[in-house]
1. Which of the residues belonging to segment 229-264 are surrounded by 15 or more Cβ atoms within 10 Å (Cβ to Cβ), part of a loop (DSSP other than H, G, I, E, B) and at pLDDT 95 or above?
2. Within segment 185-195, identify whether any single residue is in a loop (DSSP other than H, G, I, E, B), open to solvent by 30 Å² or more (accessible area, probe 1.4 Å) and more than 27 Å from residue 88 (Cα to Cα), and answer yes or no.
3. Give the residue that is surrounded by the most Cβ atoms within 10 Å (Cβ to Cβ), with candidates limited to residues of segment 362-389 that are at pLDDT below 95 and of a type outside the set (Val, Ile, Thr).
4. Looking at (1) farther than 29 Å from residue 486 by Cβ; (2) touching a residue at least 60 places away in the same chain (Cβ under 8 Å); (3) out of contact with any Lys or Arg (no Cβ under 6 Å at 6 or more places or on another chain), which is the one condition that is false for residue 355?
5. For segment 266-283, give me each residue that is part of a loop (DSSP other than H, G, I, E, B), closer than 27 Å to residue 256 by Cα and of a type in the set (S, T, N, Q).
6. Name the residue that is modelled with the highest pLDDT, counting only residues in segment 67-81 that are surrounded by 14 or more Cβ atoms within 10 Å (Cβ to Cβ) and in a loop (DSSP other than H, G, I, E, B).
7. Might you check whether a residue that is at positive phi and not small (Gly, Ala, Ser) occurs anywhere in segment 347-355?
8. For segment 141-158, how many residues meet the condition of being acidic (Asp, Glu) and touching a residue at least 24 places away in the same chain (Cβ under 8 Å)?
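The values are calculated or read from the model by the stated rules, or taken from the named source; none is laboratory data. Source: prediction; values computed, not measured. Positions of Cβ are backbone-derived with ideal geometry, glycine not excepted, and every protein chain shown enters the neighbour counts. Heavy atoms of the whole protein, side chains included, go into the accessibility calculation; ligands, DNA and RNA do not. Shrake-Rupley method; radii C 1.70, N 1.55, O 1.52, S 1.80 Å.
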Amino acid sequence: MKALWNPESSLSSISSVNISKPFELSHKQIQYSLQFYPTHRDRWIGRKSRLNVKAALDSATIDQLGLKESDIINPAITSSYRSSKFPKPNQTVLDALTRVCTGPTQTKPLTEDQAYKVLDTILKSARGELKDEEKVSKAQLGAFFAGMTIRANAFPEATQWSEGERRAMNTFWPLLVRALPPDVIFIADPEGSIMGMGNSSWVQYGGSVAGEMRLVGALREVLAGGHLGYEEVQGVLRDVLPLKMEDNKAGEVGPPPVADVRSLTHYGEPYDGNTRFFRSTLFVAAVRSCYGESCLLHGVEWMPPKGGVTEEQMLKFMGANTNLSLLQAKELLEDEEVGFAYISQREARPALYSLIRLREHIKKRPPLATTEKIQQFVRARGREAIVAGFYHEAYEEPLLMLMKRRGVHSGLVVKGEEGALSMTTRLRSVNASKGLPVNYCSGFRSMSTESTFEVDGGVSRQSFSLEVNAQDYGFDPTDTPRTDRSISKNIELGLAALRGEKGPAYDRIILNAGMADHLLGCEGAEDASVAMDRAREAIDSGQALKRILNYIKISHKLK
């Protein structure tokens, strides 16, 4: 049963730059190494991309970093950061998962032809007739049949099985029962009621060891459309995590280190990145650090399903060390010349990081995609806040609840563009989709005012919700800068803004820094316009850019 959590080849870490020498570059060298803004975007594409990347880094930088040509990743496309050692999922089943595992209202039943193709692919794979990337992984089998079972048992009529799916399943089920392993058959029909085969042997399936037995019991509840309690989920996760790591070590999880800073904001961006629009949070963190608002970012280099631009990709391409330990991140937060840090899940929680292959094979975001954003890998002696992005309505309250459980002073959820944290200065489209608008914010803060407070665990908190209108703070409406999966384009926009170049990216960095300060109740940000002016000064003075350069340099000196 536990095998269903894994695609079928061993875990291999995503390829990384080989740092073989101490990083001893001057600011002048670093600034030169960042002069890689192409005149034409297509210069970064195709056969020229590797030459252009090398041109982006001066020879001193290449020597100091110990880079090899094979280590240089194409900065024009985020997909180059996907590890080639990860086995790719079967595309036919992956396409089906986008339809049948999308929830009770958005699931799109398969047509009869589609269902026949998917089930025929699964049968051939189970019989050993498909090889390599054509093979259907156990993770895909589990996700597909779990989605089909929950639909049959608990979904509304419109998103239950179509007639075509039913006919295809009736045709293939007698063959699948003889070809699939017992745990997969159990997931496909846990009570023997869906396919109507009566005294089915798999109904008695219970697992072979204690942990597996607990998992089977939990799955019976979930597959029937039920829910597990907090302690039940905790127990199951203890059984299935950590997964076996390549070095047989899962990493120890102890109390987080405590940074000696007066204020710390934990940023929870979606780990799978941005595929369309400018992702500003890295540059916002540099700005806020200039006036004592320390910021801790966390994420991964590459993550499905979007596989978009991430902070780790940007930092890595700019030459920063992205393999920091929690103690090293603490040092950067405390450093008066830096004041922000980035932690990779690969370093902080390797067992969770090992799930990347699973997440790619099941296609849809698991609950972990929500909860992993609300982390405190390093604590602070002073005030703490968490900021997280969301997209789908109804996620904001669970996110805020998780923040309160963390015991932070302030919490904020933002519906930024692409469900990320970047609020926009563009006008709201008259054809905007239903639900909460982009720039919607909700949160809480601990303040000594006489407003109505929410009391939770003995802590008084003021709750708020609003839609931020950038025009109210003097910003002219502008179209959103697009990056279209280009890491270099995202860096180009961010660094140009930190150099003081006025435009949409500059405005967005100021808007997001100032509004975070104001909404979180930060000192000196009671007036939102004053908070914006403070963020603007951090850029125009050159201090924010200097912080980025300091980060790149100092991150390699840490022991």
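1. Answer for segment 229-264, where residues must be surrounded by 15 or more Cβ atoms within 10 Å (Cβ to Cβ), part of a loop (DSSP other than H, G, I, E, B) and at pLDDT 95 or above: 256, 257, 261.
2. For segment 185-195, residues in a loop (DSSP other than H, G, I, E, B), open to solvent by 30 Å² or more (accessible area, probe 1.4 Å) and more than 27 Å from residue 88 (Cα to Cα): present.
3. 363
4. Status for residue 355: all satisfied but (1).
5. Of the residues in segment 266-283, the ones part of a loop (DSSP other than H, G, I, E, B) are 269-273, 275-276, 278-280.
Now narrow it down to the ones that are closer than 27 Å to residue 256 by Cα: 269-273, 280.
Residue satisfying the conditions is 280 alone.
6. 77
7. No; the residues of segment 347-355 include none that is at positive phi and not small (Gly, Ala, Ser).
8. Matching residues across segment 141-158 total 0.
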